[in-house]
């Protein structure tokens, strides 16, 4: 038999792998390492996904608002008298071959509006006169532009009544708790970067959370923005009765640190139904509750619900679309907003959260518009 050389390839038989204990141990080691790397990657992706989703949610409305602001701005630049006069002066001196050039046509909307428009505004500003109102309006936000077009609202703006919404910011997190959570170290909760909480105050007609005062005021003392919620049981008593009892327990204070009262609407925990009530009856019950809260606090209550309840028991109504929505939806990257609402404000995205200062699992929530708007909502 000739010795094996680079010029003599192995036969199929000689390619058969002969396993040894050492080789099998090495293979098992590599398989374990590969499995460990795969698990680590999956864990990393699971941790990054919510953060990436929150960043996307934060950026999307900013981009949308920027586009909403730029569109009327560019249109007003085009329509400004100074710009029109400049175009009229320049146009006769531009050869037709240049006007019709494809490259120039593609630039007319972008660079043409920007460069010529800015020059036109400068000329108009130097010339003074009525053009200034239009040019100043062109640099304003869409809401300010509407005020500039109306002399009455423009006068109101200059008189000092020019409040604006708080700036949009990245989402912030909070928790909701009940008597089941027991004693809570709220300083640790705050240290875990939780900015707000909702505390169960009452349930139906008869139950009141014995830990409510301790939990609610403890959260406020630790610097969290706090709110209270009522678990509705429409088959116990009418909406006004439950609202009054809830508010008596809650002791709502308009102190800049209290979120609007919350109406927690869920299916009957004893039967999974809509409390043997029709959609219309559920509407009437909810309206009576909300009207009572509004009358006593001046605030429209936040509505807590999930999409299936809103469809099954409320008929996907838009009657309450002016209320802030606290949406329950677990194990999803982005919650489905029930028909009847344009968007969610609070999102309860898990009931198995681990938060410093709270024993066991707890619900974790997200407020989508940032801490400054959360403070504004509590104002």
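The values are calculated or read from the model by the stated rules, or taken from the named source; none is laboratory data. What you see is a predicted model; the values in this text were computed from it and never measured. For neighbour counting, all protein chains shown are included, and Cβ atoms are generated from backbone atoms with ideal geometry for every residue, glycine included.
Here are some notes:
- Residues that are in a loop (DSSP other than H, G, I, E, B) and free of Cβ contacts under 8 Å to residues at least 12 places away in the same chain were ranked within the range 207-253; the one that is surrounded by the fewest Cβ atoms within 10 Å (Cβ to Cβ) is 253.
- Test for residue 320: is it within 19 Å of residue 260 (Cα to Cα), crowded, with 17+ Cβ neighbours inside 10 Å and in contact (Cβ under 8 Å) with a residue 12 or more places away in the chain: yes
- Flag if residue 269 is assigned to a loop (DSSP other than H, G, I, E, B) and surrounded by 20 or more Cβ atoms within 10 Å (Cβ to Cβ): no
Residue-by-condition table, conditions (1) modelled with pLDDT of 95 or more; (2) under 30 Å from residue 188 (Cα atoms); (3) assigned by TED's automatic domain parsing to the domain that holds residue 179; (4) not in a helix (DSSP H, G or I):
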position	(1), (2), (3), (4)
280	yes, no, yes, no
285	yes, no, yes, no
290	yes, no, yes, no
304	yes, yes, yes, yes
313	yes, no, yes, no
322	yes, no, yes, yes
349	yes, yes, yes, yes
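- Among the candidates 370, 353, 360, the residue that is surrounded by fewer than 20 Cβ atoms within 10 Å (Cβ to Cβ) and out of contact with any strand residue (DSSP E or B) (no Cβ under 9 Å at 6 or more places or on another chain) is uniquely 360.
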